[in-house]
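One structure is given here, and the rest of the page talks about it.
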Amino acid sequence: MTEPTQLHLLRPGQKATITRIGGNTALRRRFAEMGIVRGETILIERHAPLGDPVEYFIKGYHLALRKEEAAQIEVLLLGVDHHG
Amino acid sequence: MTVASREIFRLDYGGKLERQIASLMAAFEEIQFDTGRYPKRWLAIKLLEADPDILARVQAMPNGEQVIARAQQGAEHIKSMLGDEVDLITADHRYGFINGVVRQSLHRPLIDRITLTDRIDNIVTHKWLGLPVFFAVMYIIFRLVIDVSSPFLDWTDALITGPISRWLSALLNLMLAPSWLRSLLVDGIVAGVGGVLVFVPGLLILYFFLALLEDSGYMSRAAFVMDRFMRVVGLHGKSFIPMILGFGCAVPAVYATRTIASRRDRILTALLVPLMSCSARLPVYVVFGLAFFGSRAGTVIWAMYALGIVVAMLAGMVFTRTILKPDVSSAFVLELPPYRQPALKSVLIHMWENTREFIRKAGTTILAASVIMWILLNLPWGVTNQRDSYFGKVSGAISPIFAPLGFGNWETGGALVSGFMAKEIVVSTMSQIYVGGANAQVTEPTTVTEDLVGIGKGFVDAVVQSAKIAADIIPGVHLVDENAASEDTALSTELRDHFTPLSAASLLVFVLLYVPCVATLGAIKQEFGSSWAVTSAVYQTVVAWIAAFVVYQGGHLLGLG
C-alpha cells in the first residue's frame, strides 16, 4: 500500500481514491455538492496550458480544480490508467 | 439497500446522527416550535447541517433562536464523536446510497470510450495549442462583434439622425410647437434614443456569440485555459472574455460578465473593464497623437493601451486586498461539460432577452443624461455662446481641478464634461470650441446641439477606427493610416497653441482613465446597483487624476515640459 498523498501532487493518467477532505466548511460543502467525497475514485486528466488548474475525471464527468484547492484533498494512489 | 414501494423513503444517516435528528425533532415539541410548512425530519437535518439559508429563516420564526441553539449543541456533539461536520456526513451517506442504486441498476462498459469531447479537448486545452486556439477564438469574435455590427450601426444611426429627426421637426413645426420644445425633443430626446439604439446591433451580435460559446461548452474550456493568467489580478478565468470585449466597447463587456458565476468576480471584472481602452477613446489619441507626437503617434497610442492594462492589473490587486476580497463562491470548481450543438432557438432567446434588458435599463440612464446635457447647453434659454450656458459655467467651475495636470482651462474642462456622454465627444467638443467659429453657416447653439446628435455619428467613426485596431493586431499593418498622418487639421494647429506635448500626454492619460462614459455606468448600475456605479466613477476619476498628475509634474521635474 502506498502512502496517502495530496491530489495536486499527482500526474496526468494517475488514478486515486479520495481518503480525506480538508479545507474550511464552505469549501468542503462545495466539494460535496460536486461529488468529491471520501471513497470516490478520481482520475487526473490534464494540466491547463499554464500548469494550473488541473482537469479531473470523477463520477463520470470532467471537473477542473486549482492546485490550491486540490491540495485540500487527500488521496491514495491506485496506479496508472493506460487507456489514453 | 432495497426500498419497498409504497413505503415512505427515508435515508438512514447512521445511528449517532439518527439519534441527534430524533432528539432535535423531540425538542421541536418540547419548545413548542411550529415547523410550519417544513417537514420536521427535513428541517432537523438542515438545522444540524447548519444550512445558512434555513438558519436565517428559522431565526425569524417564533422560538427559532432556542431551536437553533439546540441544533448547534447536537452538531457539536456529532463533531466531537465522528470528527466531521454534519453536512459532510450526510453528503457521504447520500452519495453512498446513490452509488448503491447505480451499481444495482446501471451497467457501464468496461472500456472508456474516447468521445468527440475528448478529441476536441485534446486540441483546445492542449499544452501548446490551448492558448493559441483561445486567442484565435477571441480575435474572431472581437472582429465579428465590431466589424459585422458596423454597417447595421451606420444604418441605425442614419435613420435616427436623418429621417426621424427631420420628420419630428416638421411635425413640430406644423403643430406650432415653441422652439425650445422642438430643440428638447429633437436634440435632447431623439439624440438620446439614438445614443441608446446605436449599441443595439453590436449587442445583438455579441450576445449571439456569447450564447454560442456558453451553450457549446467552449466557455468553460476558455476559463480553464486562462485561469492561471487572470488569477494574477484576483480574477476567474471567465473574466478574460469581458476584458477583451472592453477594447471594443465597455457596455457589452459589462453585460458579458453575466457568464461569471460569482457575484464578487463579476463586480471586480466590471470595475476593471472600463480601463481597457475602448474604441471610442481612439479618436482622442489619434488627434492628439498626430498633433503633438508626429511619427511617434503610434507609439504613444500603444502606450495608452498598455497603460490601461497595467492600471487594471494594479487596480485588480488593490480591490482584491480591500473591498472585494475573494470569497468561497470564487473558489475555482468548474465543470467541463461535454460539447453540445447549441440550439438556435435558445441562442436567439438569449440574444433578444439580454439586448431588451439593456434598452430598458441602461437606456433610461443614457436618455436622462442626454436630456440633462441638453438643458446644460441651452440654458439660460437663448444663450448664443457656449461659454455663457450652464455647460460653460460648470466647465469653468471645475477647470481649476485640472490645473495641476496641465490643462486648467474651461475649454478642456468642457470637453471632459461632454466626454462623460461618450469619450469620442472630447474631440468634437474641442473642435467646436477651438475651430467652431469657422463653420459660418450654422449658429453656435445649433452647432453645439448637433454635437450631441453626433453621439451616434461619433460612435460609428469609433467603430471604423476599432476595425483599424483589429487590423493592427496583424503585425506590419500600421495603426494610423497614411492619409491621417499627413493631415494637419485646423484643430491640431489650435491644439498646439493650447497644449504642450507634456500637457497633451497628461490629457491623454486622463481621458484613458477618467470616469467611464454614462452608458457604461448605466450598465454597471443596472447589473450591480448604484453604489458600484458610483464606486466605478469615483475610483477611476481619482486614479486618472493621480496618473495625469504624475505624468505632468513628473515630466516637469525631468525637464520635459
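Structural remarks
- Taking every residue in region B:295-307 that is without any contact (Cβ under 8 Å) to a residue 12 or more places away in the chain and pairing it with any residue that is surrounded by fewer than 18 Cβ atoms within 10 Å (Cβ to Cβ) and not in a helix (DSSP H, G or I), at least 6 positions away or on another chain, yields no pair with a Cβ-Cβ distance below 9 Å.
- For residue B:138, the conditions (1) at pLDDT 85 or above; (2) crowded, with 16+ Cβ neighbours inside 10 Å are fulfilled apart from (1).
- Selection within region B:323-376 - out of contact with any Leu (no Cβ under 6 Å at 6 or more places or on another chain) and of a type in the set (S, T, N, Q): B:329, B:330, B:341, B:346, B:354, B:364, B:365, B:370
- Set B:309, B:398, B:359, B:349: member being under 23 Å from residue B:428 (Cα atoms) and among the β-branched types (Val, Ile, Thr): B:398
- Single match in B:232, B:225 (criterion: within 14 Å of chain A (Cβ to nearest Cβ) and surrounded by fewer than 20 Cβ atoms within 10 Å (Cβ to Cβ)): B:232
- Subset of region B:508-561 (residues that are surrounded by fewer than 16 Cβ atoms within 10 Å (Cβ to Cβ) and more than 30 Å from residue B:354 (Cα to Cα)): B:542, B:546, B:550, B:554, B:556, B:557, B:558, B:559, B:560
- In region A:58-76, the residues that are more than 9 Å from chain B (Cβ to nearest Cβ), part of a strand (DSSP E or B), under 9 Å from the mean Cα position of the chain (by Cα) and not β-branched (Val, Ile, Thr): A:74
- Just one of the numbered conditions (1) more than 11 Å from chain A (Cβ to nearest Cβ); (2) within 21 Å of residue B:15 (Cβ to Cβ); (3) of a type in the set (S, T, N, Q) is not true of residue B:90: (1).
- Residue within region B:86-106 that is touching a Gly at 6+ places or on another chain (Cβ under 9 Å), loosely packed, with under 11 Cβ neighbours inside 10 Å and either over 23 Å from residue A:50 (Cα atoms) or at pLDDT 80 or above (or both) present: no
- Each residue in region B:289-320 was checked for being of a type in the set (S, T, N, Q) and more than 20 Å from the chain's Cα centre (by Cα), and 2 of them qualify.
- Screening the candidates A:35, A:51 for the property of being assigned to a loop (DSSP other than H, G, I, E, B), over 17 Å from residue B:98 (Cβ atoms) and facing chain B (nearest Cβ under 7 Å) yields one hit, A:51.
The values are calculated or read from the model by the stated rules, or taken from the named source; none is laboratory data. This structure is a prediction, so every number in the text was calculated from the model and none was measured. Counting neighbours? That spans all protein chains shown, and the Cβs are built from the backbone with ideal geometry, glycine included.
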